[in-house]
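In what follows, a single structure is set out as structure tokens and then discussed.
The values are calculated or read from the model by the stated rules, or taken from the named source; none is laboratory data. Just so you know, these numbers come straight off a predicted model, no measurement behind them. With ideal geometry, Cβ positions are generated from the backbone for all residues, glycine too; neighbour counts draw on all protein chains shown. These accessible areas exclude ligands, DNA and RNA; they are computed on the full protein's heavy atoms, side chains included. Shrake-Rupley method; radii C 1.70, N 1.55, O 1.52, S 1.80 Å.
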Amino acid sequence: MAAAKKAVLGPLVGAVDQGTSSTRFLVFNSKTAQLLSHHQVEIKQEFPREGWVEQDPNEILHSVCECVEKTCEKLGQLNIDISNIKAIGVSNQRETTVVWDKLIGEPFYNAVVCSWMGKPNIVKMSVLPKLVYKFHTIQSKYQQGF
């Protein structure tokens, strides 16, 4: 039996939307703006102290990979050729900081999320101590050889 012919819809545009609560990947027909497929994965948040939010950087990275993979699988089931994806845009957590070890490609610590929660004055007072604490923790672990 001959393989089903892939539909030529294109060019296609992908979008990674990596937010503080979830990651999603969407693929659109660039000529019609029709959403062809998407996949979304929730992201866990940790609250080590009041007003602090952290996330596992590896979980964030894996969620992006999973969303892209699952969306492409769905496109394949629709007989849409993924080679027609000509561009991918990325929207990320601009307010989140991660420090990576460039030698081993692993994060030193969790991602530190700046959580606004509608209270900018509290955020201004809490962000700097949070980052100083995190970097001090990283420095201590680094000096101790993890």
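Exactly one of these conditions fails for Ser83: (1) at pLDDT 55 or above; (2) in a helix (DSSP H, G or I); (3) more than 30 Å from Val27 (Cα to Cα). Give me its number.
Checking Ser83 against (1) at pLDDT 55 or above; (2) in a helix (DSSP H, G or I); (3) more than 30 Å from Val27 (Cα to Cα), the one that fails is (3).
Please tell me if Lys31 is exposed (fewer than 13 other Cβ atoms within 10 Å of the Cβ) and touching a helix residue (DSSP H, G or I) at 6+ places or on another chain (Cβ under 9 Å).
So Lys31 does not fit the description; no.
Read through the list (1) surrounded by fewer than 15 Cβ atoms within 10 Å (Cβ to Cβ); (2) within 23 Å of Val113 (Cα to Cα), then give the number of the only condition that Leu78 fails.
(2)
Give the residue that is farthest from Thr96 (Cα to Cα), with candidates limited to residues of the stretch 21-46 that are without any contact (Cβ under 8 Å) to a residue 40 or more places away in the chain and of a type in the set (A, V, I, L, M, F, W, C).
Out of the qualifying residues, it is Ala33.
How many residues does the stretch 81-105 contain that are open to solvent by 80 Å² or more (accessible area, probe 1.4 Å), charged (D, E, K, R) and in contact (Cβ under 8 Å) with a residue 24 or more places away in the chain?
The total comes to 1.
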